[in-house]
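As structure tokens, the structure follows; a few thoughts come after it.
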Amino acid sequence: MANGSLSVDTEHLFPIIKKWLYSEKDIFVREVISNACDAITKHKRLVSLGEAADDGTDYRVTVSVNKDEQTITVTDNGIGMDAEEVDKYINNIALSGALDFISRYEGEGSSGIIGHFGLGFYSMFIVSEKVELFSKSYKGGEGVHWICDSEGNFNSEACEYEGHGTRIIMHVADDETAYLDTVKLRTILERYCAFMPYPIALTDAEGKENVINDTDPLWQRNPQDVTDEQYNEFYKKVFNDYQDPLFRVHVVADYPLNFKGVLFIPRRKTGYDSTESEIKLFYNSVFVADNIKEACPDWLVNIKGVLDCPELPLNVSRSYLQNDVYVRKIASHIAKKIADRVNYLFNNEREALEKNWRDMKPYFEYACMRDEKFAERVNDSILIEKVGGGFCTVKEYLGEGNEGGDIYYTNDAAAQSYYVDMYRQKGKDVLIFDNLIDNNYAQFLESKNDKLKFKRIDSAFGEGTDGGDSEALTGLFRKASGKEELKVAFADLGEDGAAALISLPEEGRRIADMMRMYSISSGNPEQFDFPADECLTINRANPVIKALEQDERSEDAEDKAKLIYLSALLLSRTLKAEEAKEFIRLNNKFLAK
Ligand code: ADP
Ligand code: MG
């Protein structure tokens, strides 16, 4: 029989624990359960070393609630303690650990701390007015019954105890009885203990035992032993999604980094999705904290994942994490592994990669622009969609042995279909850049390789421009379009080709696009007119043009030119109201003849 008071300091200790951890009270559950699991691990280890008898223990932790008695009971069949050990580990070490912890972090506020390891055993007093402990060591001997009130006064005596292990009874304080609700308790257990290494069974209100955890978390396994389905199930369960992820990477890093993790890119659902990343940090399968974004490259938006870092000092503030070299190394290692995974999929599962690529592309284009090292690694695996189906890389587009060249793209294959067809008939692929980020990415690639030029299909007509000139036609079209400065060029676009086409030189159009974006984003979306340097390319080979050239002085010549001009506009964009009206008037006029 032993009586005592924990320490002279304790009269201050418990109020501080209670007040200070008020916002994170739930962590007492994690602490009690992780101690129970630790005790089991110790027993298992002793058995494997031959230092404890192999008694075939079916290792588990049970949690139950008694509403009438206002108690929560946690029982394990681990190593157990004798009276001496209770005195040593609970009365002395656990308490001094807690005191030390508080003296170090007092003033920092609970929000600044991620793990609360170290507070351990005594965190039970956050919600308990009294804690009882029954225990018996695997070595046998007498059991011990220890009881401690919230002022730190304890009493310990011998007792009967069946088998080995520890039972802890928390007498929940009157203002914390919400914890006696098994639904609430289950939620907390699922948050903190979902992947602890031994079955944790919660007895529900009906008296049924439910195991709440997965004792073999997927990230601890060898990636070769995990199937796609298992990754998908894991993702959906842990991150509450109903859709499979777009992409995943499983990282197992050895010395010196020593961490494991699985990261996912979710499929986007609606425009209202959050793009916040969510990284759950674990310490040997024990949940520590959410949202440790610092451990991932910051250009990875909307990533979900778990990281298990047994190396990370856990009693640290967030600001420490943000500046920690180890954390930065984790992030750059992850970046490398993501690149490896993209390259692996490109080389081995290209079909699967292409299936999801449309949704994945913005992530990787952004990633390349933000991280040059990443860009260098994945460059040859970044796919671009082709009009008419299929994907290719820049390298594939340019063809074997070509470092540079022109790459033709469209930002709206339907609206620019006439141009698209012109290119495809010539056997050229047209790429689809239908996202703002595609254009930025193209510019990024150009900046890395000056032999590379991305050209929108309406920017020029390349070969075929004969440079010849007809003063008369140029004048006629300038008059008809009402634009005295209109640029006019001549080309052979085939006998059956359109009489004229609008082209917009790439450089000027990019600037105009930027200005349009700017005027929209600055809340000033004035009608932005066609950039001034639109060019009208006249198809010399077209019979209508040939006839018009012969007949440019006739009274209908100007109206004909106007109709040709409006038709050209129509192939490149939607007509404005006035233009459409004029287009119909001219149609009526000529069709009635
Ligand atoms: P820590 O777990 O970081 O060592 P705690 O305050 O959580 O600190 O626990 C203090 C000590 O009490 C443990 O190291 C262990 O020796 C002992 N202990 C706590 N819970 C149990 C248990 N269920 N079974 C056996 N020993 C326990
Ligand atoms: Mg502990």
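So which strands (runs of 3 or more DSSP E) are wholly in region 263-364 and hold at least 1 residues that are crowded, with 17+ Cβ neighbours inside 10 Å and at pLDDT below 85?
Correct list: 286-289.
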Of the criteria (1) touching an Asp or Glu at 6+ places or on another chain (Cβ under 8 Å); (2) under 19 Å from V29 (Cα atoms); (3) surrounded by 19 or more Cβ atoms within 10 Å (Cβ to Cβ), which one G143 fails: (2)
Some residue of region 12-25 being surrounded by 16 or more Cβ atoms within 10 Å (Cβ to Cβ), at pLDDT 65 or above and within 13 Å of ligand 2 (Cβ to nearest atom): no
Residue that is modelled with the lowest pLDDT, among those in region 41-68 that are within 19 Å of V211 (Cβ to Cβ) and polar (S, T, N, Q): T41
Evaluation of E132 against (1) more than 10 Å from ligand 1 (Cβ to nearest atom); (2) modelled with pLDDT of 95 or more; (3) over 18 Å from S150 (Cβ atoms) (one fails), failing number: (3)
Verdict on G399 being without any contact (Cβ under 8 Å) to a residue 12 or more places away in the chain, exposed (fewer than 13 other Cβ atoms within 10 Å of the Cβ) and either closer than 24 Å to A568 by Cβ or more than 30 Å from the chain's Cα centre (by Cα) (or both): yes
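The values are calculated or read from the model by the stated rules, or taken from the named source; none is laboratory data. Please read these numbers as outputs of a predicted model, since none were measured by experiment. So basically every Cβ, Gly included, is an ideal-geometry build from the backbone, and we count neighbours across all protein chains shown.
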